[in-house]
Amino acid sequence: MTAGMGEPRLLIGGELREARSGATFDTANPATEEVLGQVADGGVDDMDAAIAAARQAFDHTDWSTNLSRRVAGLRQLKEAFDRHAEEIRALTVAEAGSPLSFTYSAQLDEPVKSLAWVADMAEAYQWEVDLGDASPMGMPSHRWVRREATGVVGAITPWNVPHQINLAKLGPALAAGNTVVLKPAPDTPWCATVLGRLIAEETDIPAGVVNIVASSDHALGEMLATDPRVDQVTFTGSTATGRRVMAAAAPTLKKVFLELGGKSAFVVLDDADFRGAIGTAAFTVCTHAGQGCAITTRLVVPRDRFDEATELAAKTMVKLPAGDPLDPGIICGPLISARQRERVEGYLTLAVDEGGTIVCGGGRPSDQPRGYFIEPTLITGVANSARVAQEEIFGPVLVVIPHDGDDDAVALANDSAYGLSGSVWSGDRERAVSVANRIRTGTIGVNGGLWYSPDVPFGGYKQSGIGREMGVAGFEEYLQTKSLAEPA
């Protein structure tokens with residue numbers, strides 16, 4: 001592991017420790033396929049202990065009621081990340097396969113900055129609201145509303161942007177007064193266990209408030225959904241797994257937050273800056289090898305400019321090759337694993353079977369004999385109903401779909417089980433906003449505007465999830481509402 005950060009261990013009850021079974025599992029570098037090292041492999045007993053520690057900390061400490069303590073702990077955590085930024089940056093490139101350039105934005109630096117925003121927001125938040133006096137049923141009463149923590153939060157996170165999602169869940173949950181058990185993806189356990197080490201060694205966050213159980217077992221997170229000691233479960237990942245989390249949580253009726261898949265549309269209208277719009281769409285889908293739920297993977301363009309759009313997109317994509325993520329000029333690094341590469345390759349085969357044409361890319365880059373790389377790939381000739389246009393691929397794959405005007409473009413964008421993100425480009429700002437307002441999606445950029453920020457709620461419509469992450473709305477996901485009254 002990177003110098004100075006220690007061995008990757010579980011954080012349970014304030015202690016950094018090995019798994020109770022003594023088991024470990026490997027984590028690998030997706031750019032080289034080399035094993036980076038071993039991680040403590042948590043099991044059922046470890047998860048049980050982590051839940052018990054979180055329950056104890058919530059029920060028997062002042063964490064949920066001591067706002068100044070929570071704010072101080074979050075600020076200490078941000079400062080700890082800042083002190084170790086370059087070590088963690090190197091680790092993130094090695095374990096997540098993230099392009100180095102991406103760590104200066106959403107892959108590391110921006111999520112760390114968000115901790116300061118969350119701390120400031122919690123400090124200024126109106127925890128009680130006075131509703132004044134009224135006489136319901138003839139009884140003069142003074143009423144007020146109080147917001148307070150939900151309790152123990154189980155957080156299950158994916159591998160694509162581990163720091164972003166770990167901190168987007170942990171920061172608001174802690175600021176709200178909850179205790180947390182974090183189950184990170186098996187592909188990026190070091191990014192999570194580093195977080196645990198910083199909390200244990202460089203903050204005053206009390207023992208048991210944060211517990212981190214890395215495990216090779218994807219199913220271990222199900223304990224967080226089923227255990228009655230857990231009051232809320234927050235999950236980011238595939239829609240299929242989200243359904244299972246929701247079903248598992250149903251018997252205990254715990255709060256559920258789900259941030260799930262996407263197949264977002266990049267809509268270009270006939271009066272748009274074509275070169276700018278198409279270039280942006282092609283660039284976006286290559287970023288981090290397309291491994292982002294909010295990435296726009298359907299390019300919806302005017303039918304009479306379809307060939308022009310295809311040519312512009314292809315010219316951009318061939319200039320953005322998949323390569324070494326340590327190269328500052330690379331934005332398309334490797335996929336996370338051999339399994340994910342095989343999945344993407346399966347979709348490329350399917351595209352041809354569905355009658356599509358691969359305009360550029362479509363295979364493994366010849367200059368990358370090792371690592372889980374896929375060339376940026378452009379597909380045409382398939383209908384919007386094709387599987388490659390409807391299903392989340394999670395690779396650097398862009399499908400071009402023709403539209404016949406604004407209404408048709410909106411219909412195509414909305415013809416999806418998902419509703420996570422999108423983009424609309426037009427030379428007329430009001431026209432672009434009008435189209436954007438008709439697309440049923442949780443976030444959408446207009447003419448290149450970027451919505452990503454700690455104060456902006458993120459989440460989806462339809463099968464892209466339930467609830468919002470980030471912003472005040474994301475913070476309030478981790479709160480309960482209590483209404484009180486006394487005689488006036």
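What the table shows:
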| quantity | calculated |
| --- | --- |
| Qualifying aspartates and glutamates (Cα of each under 12 Å from Cα of K254; at least 8 residues distant if same chain) | D227, D231 |
| With all protein chains modelled, accessible area of H218 [1.4 Å, Å²] | 110 Å² |
| Carbon + sulfur, % of accessible area of the chain - ligands and nucleic acids excluded, 1.4 Å | 51 percent |
| Area of Y104 that stays accessible when all protein chains are in place (1.4 Å probe, Å², to 10) | 120 Å² |
| Greater than 18 Å apart at Cα, pairs in K255/K482; K169/K255; K183/K462; K169/K482; K113/K169; K78/K113 | K183/K462; K169/K482 |
| Segment 201-244-segment 59-100 distance, computed between alpha-carbon centres (Å) | 17 Å |
| Ranked order, D428, D408 - accessible area, probe 1.4 Å, largest first | D428, D408 |
| Total formal charge among the other residues, if their Cβ is under 14 angstrom from that of L10, Lys/Arg +1 and Asp/Glu -1 | -3 |
| Residue-normalised accessible area of the chain, given per residue in Å² at a 1.4 Å probe | 38 Å² |
| Calculated volume of the Cα convex hull per residue in Å³ (choose from (1) 214; (2) 152; (3) 286), label | (2) |
| Accessible-area order (highest first, 1.4 angstrom probe) of the listed residues K183, K113 | K113, K183 |
| Distance between segment 441-488 and segment 388-418 - C-alpha centres, whole angstrom | 25 Å |
| Förster-model FRET efficiency, 30 Å R0, R343 and V35, C-beta, rounded to 0.05 | 0.85 |
| For segment 17-34 versus segment 122-175, the gap between their alpha-carbon centres in whole angstrom | 36 Å |
| Rounded to the nearest 20 debye, dipole of the chain from Cβ charges on Lys, Arg, Asp, Glu | 600 debye |
| Residue (of G356, P186, A282) at the positive-pole extreme of the chain, dipole from beta-carbon charges | P186 |
| Estimated FRET transfer efficiency when R0 is 56 angstrom, pair M137-R387 (beta carbons, to 0.05) | 0.45 |
| Residue-averaged [θ]222 nm for the chain, counting only DSSP H segments that reach four residues, each worth -39500 (n - 2.57) | -11000 deg cm²/dmol |
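The values are calculated or read from the model by the stated rules, or taken from the named source; none is laboratory data. Quick caveat: nothing in here was measured; it's all calculated off a predicted structure. A quick note on method: Cβ atoms are made from the backbone with ideal geometry, for glycine too, and the neighbour counts reach across all protein chains shown. Heads up: the accessible areas ignore ligands, DNA and RNA and are worked out on the full protein's heavy atoms, side chains in. Shrake-Rupley method; radii C 1.70, N 1.55, O 1.52, S 1.80 Å.
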